[in-house]
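Data block below; observations after.
Nothing in this text is a laboratory measurement; each read-out follows from the coordinates by a stated rule. Quantities reported herein were computed from a predicted structural model and do not represent experimental measurements. Here the Cβ positions follow ideal geometry from the backbone for every residue, glycine too, while neighbour counts run over all protein chains shown.
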Amino acid sequence: MKDLRVRLGSVMGKEALPFLIEVRGEEEGRVVGGWISKPSFVRGNPKGIYLYVNGRYVRDRLLSHALLEAYRGTIPKGSYPIAVLFLKVPPEEVDVNVHPTKTEIRFRKADLIWRLFEDTLSKALSRPLSEQTPSGPVPPPEVTEEVSGYARGAPAPESGELGFAGPKWRPLGQVLGTYIVAEGNDGVLIVDQHAAHERIIYERLRKREGDQDAQRLLVPLLIELRKDELRLLMEQTEELAASGLHLEPFGEQTLAVKAIPSFLRPHEVKGFLQELAQDLSEGSKGKGEIREKIWALMACKGAVKANTPLSREEMERLLRDLASISHPYTCPHGRPVFIELDRKELERRFGR
């Protein structure tokens, strides 16, 4: 086991070892295993991604796409995780004669392979943070080749401490009405309150897919839009309703909003709908991509804003809620949620 960690460190870099997540999935004789990095540990290029099929190193677009899809919304754009992944499939399901070097392959059941790969990695990334780092690596398949608004409408937080940074953090206050400064047992955490709340809302929308609580309005909210905007939005009424936003046409250029998610303010609805319509007008998108865009926009509009004072209780709750989700590192748009300065970094900067 120690030798295996040494081998992983030599491939990924020793600094990556604390950030690795073990993955394993199996379906009808097809097996995925290996390690991927947490969303907090990424690089600026894909050189840290190693894929093996039946013991052979490969460069495969299908597997690479499934890998990046599993990380979508959790890492900044233009960033790449590190990964050492092994896929074992029946030999008759893979064609290794696509390229003379045999590093490019073709799967005969590509859809099944993509779903297995993406589902296995997504489930690993969605596990509670305390469960993401195994006590020791498990050997892979054999390789034969090389609020003010924050508390308003928020569901009760789940149990758990700040596994994304180790100790339990104690808020000390705000800087510029935007960043929460917290003290832990071994350092300081600086949290962007808007990005943090965005991620919390987004994760809960994903978790409660199709079953988001809606707050019915006593008087429908009438919103005037352009005809093309109204048409695009009416095509997504089912997806919007599943996310807690219920609307109906009210004339040629008006929508009647009858219910909204509990975290969204009425005055934020028009901006949300206009931005969503603009995004929908830019090209065809799949159902899943549209759903995630709705969640991301809703989270952005509903999250506590910058320059918003928070009470100590609200800061504590935000930190607890952030600790309860599986992807606390970036907002849905890829911006970092927090910066952590541990004791060693503080002492280095002060020359101690």
Quick one: Karplus J couplings for region 108-113, per residue in order, coefficients 6.51, -1.76, 1.60, θ = phi - 60°, nearest Hz, x for Gly and Pro?
7, 10, 4, 4, 5, 5
Is region 147-352 rounded, prolate or oblate when judged by the Cα gyration tensor, a ≥ b ≥ c being the square roots of its eigenvalues, rounded requiring a/c under 1.5 and prolate requiring a/b larger than b/c?
prolate
Just want the ordering: Arg320, Arg265, from fewest to most Cβ atoms lying within 10 Å of their own Cβ.
Arg265, Arg320
Whose amide H sits under 5 Å from the amide H of Thr330, counting only residues 5 or more places off or on another chain, with H placed in the peptide plane?
Val337
Please report, for the Cα atoms of region 217-258, the Rg to one decimal and the Dmax as a whole number; what are they, in angstrom?
9.8, 28
Amide H to amide H, which residues 5 or more places from Ile49 or on other chains are under 5 Å from it, using H placed in the peptide plane?
Ala83
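Write out the chymotrypsin sites (Phe, Trp or Tyr not before Pro) in region 270-352 meeting two conditions: DSSP loop, and at most 15 other Cβ atoms within 10 Å of their Cβ.
On the way: sites: Phe272, Trp295, Tyr329, Phe338, Phe350; in loops: Tyr329, Phe350.
Answer in residue order: Phe350.
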Shape of region 23-76 from its Cα gyration tensor (a ≥ b ≥ c, root eigenvalues): rounded if a/c is under 1.5, otherwise prolate when a/b > b/c, or oblate?
prolate
Skipping prolines and chain starts, which residues have an amide H placed within reach, meaning under 5 Å, of the one on Glu104, given they are 5 or more residues away or on another chain?
Arg59, His99
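Between the DSSP loop rule and a limit of at most 12 other Cβ atoms within 10 Å, which GluC sites (Glu not before Pro) in region 240-313 are left?
Numbers: sites: Glu252, Glu268, Glu275, Glu282, Glu289, Glu292, Glu313; in loops: Glu252, Glu282.
Of the GluC sites (Glu not before Pro), the ones in loops of region 240-313 whose Cβ has at most 12 other Cβ atoms within 10 Å are Glu252, Glu282.
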Simple label model, 7 Å out from Cα along Cβ direction - Lys109 to Lys287, nm
2.3
Nearest-5 percent of antiparallel DSSP beta bridges in region 34-100?
60
Which of the lysines could a cross-linker bridge to Lys344, judged by Cα under 26 Å and excluding same-chain residues fewer than eight apart?
Lys14, Lys38, Lys168
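Going by the alpha-carbon gyration tensor, a ≥ b ≥ c the square roots of its eigenvalues, is region 2-132 rounded (a/c under 1.5) or, if a/c is not under 1.5, prolate (a/b greater than b/c) versus oblate? Don't skip to the answer; put the middle values down first.
Numbers: a/c = 1.58, a/b = 1.44, b/c = 1.10.
Prolate is the answer for region 2-132, as a/c is 1.5 or above and a/b outweighs b/c.
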Starting from 0.36 nm per residue, how many nanometres of slack lie between Leu341 and Glu183 once their C-alpha separation is accounted for?
55.9 nm
Give me the lysines in straight-line cross-link reach of Lys270: C-alpha distance below 20 Å, same-chain residues under 8 apart excluded.
Lys227, Lys258, Lys293, Lys301, Lys305
